[in-house]
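To start, the structure itself, in structure tokens.
The values are calculated or read from the model by the stated rules, or taken from the named source; none is laboratory data. Quick caveat: nothing in here was measured; it's all calculated off a predicted structure. Here the Cβ positions follow ideal geometry from the backbone for every residue, glycine too, while neighbour counts run over all protein chains shown. SASA here: full protein model, heavy atoms, side chains in, ligands and nucleic acids out. Shrake-Rupley method; radii C 1.70, N 1.55, O 1.52, S 1.80 Å.
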Amino acid sequence: MVYLTRVEHFNAAHKLYNPRWSPEQNEAVFGKCANANWHGHNYELYVTFKGEPDPDTGFLYDVKKLSELIRIHVIEHLDHRNLNMDVPFMKDKMCSTENLAIAIWNQLEGQLPAGVQLHCIKLYETPRIYVEYFGR
Ligand code: NI
């Protein structure tokens, strides 16, 4: 089994605000991230696939096609968007990096060619904080 990682990038706005809580409780838990007028992040996304190399090419799969899958099913939905308002697959979820990583996994999981599996979604919200999701 080999693991292949494609690195992608997107920027997006969001806020962390739980509508079931009071403004004070949101402020206490989320601090500046609850700012009503949004804030942005430069997200770095590492998508790791796994499988066996093809005996004819030596490749797990054509990386251009994998990159295209990520672009179509993830990046085009997220890049330069407001995650809370513009992204159907984040609707009614808290827009944390944790939930975003899980949603990205779910966006890609059903789209992969035969012989290629998802191994990990690693998502940096800042250079110093990232989330990893392995599918469960
Ligand atoms: Ni934030």
Practice task
Would you point out the residue of the stretch 61-71, among those that are touching a residue at least 40 places away in the same chain (Cβ under 8 Å) and either open to solvent by 80 Å² or more (accessible area, probe 1.4 Å) or in contact with a His (Cβ under 9 Å, 6 or more places away or on another chain) (or both), that is farthest from the ligand (Cβ to nearest atom)?
Solution key: LYS65
Handout entry: Residue satisfying condition, being modelled with pLDDT of 95 or more, of a type in the set (D, E, K, R), out of contact with any Cys (no Cβ under 7 Å at 6 or more places or on another chain) and within 12 Å of LEU123 (Cβ to Cβ), within set GLU44, GLU76, GLU68
Key = GLU44
Exercise for the section: Inspect all residues belonging to the stretch 83-96 and state whether any of them is touching a residue at least 60 places away in the same chain (Cβ under 8 Å), more than 16 Å from the ligand (Cβ to nearest atom) and open to solvent by less than 50 Å² (accessible area, probe 1.4 Å). Expected result: no
Practice task
Find the residue count for the stretch 72-82, including only residues that are charged (D, E, K, R) and either surrounded by 15 or more Cβ atoms within 10 Å (Cβ to Cβ) or not in a loop (DSSP other than H, G, I, E, B) (or both).
Solution key: 2
Completion exercise
Going through the stretch 11-49 in order, the residues found to be in contact with a strand residue (DSSP E or B) (Cβ under 6 Å, 6 or more places away or on another chain) and open to solvent by 40 Å² or more (accessible area, probe 1.4 Å) are ASN11, TRP38, GLY40, ASN42, GLU44, TYR46
Practice task
Those residues that are under 12 Å from the mean Cα position of the chain (by Cα) and within 17 Å of LEU4 (Cβ to Cβ), I need them from the stretch 114-132; list them, please.
Solution key: CYS120, ILE121, LYS122, GLU132
Completion exercise
Of those in the stretch 86-102 that are within 14 Å of LEU16 (Cβ to Cβ) and part of a helix (DSSP H, G or I), the residue farthest from the chain's Cα centre (by Cα) is MET90
Fill in the blank from the handout: Considering residues that are in a loop (DSSP other than H, G, I, E, B) and either within 16 Å of the ligand (Cβ to nearest atom) or farther than 25 Å from GLU109 by Cα (or both), the number found within the stretch 1-60 is 13
Handout entry: Filter result (in contact with a His (Cβ under 9 Å, 6 or more places away or on another chain), hydrophobic (A, V, I, L, M, F, W, C) and in a helix (DSSP H, G or I)) within the stretch 103-136
Key = ILE104, LEU108
Practice task
Please identify the pairs in which a residue from the stretch 17-38 that is touching a residue at least 12 places away in the same chain (Cβ under 8 Å) has its Cβ atom under 7 Å from the Cβ atom of a residue that is open to solvent by 50 Å² or more (accessible area, probe 1.4 Å), counting only partners at least 6 apart or on another chain.
Solution key: ASN18/MET94; PHE30/TYR17; ALA34/TYR17; ALA34/GLU27
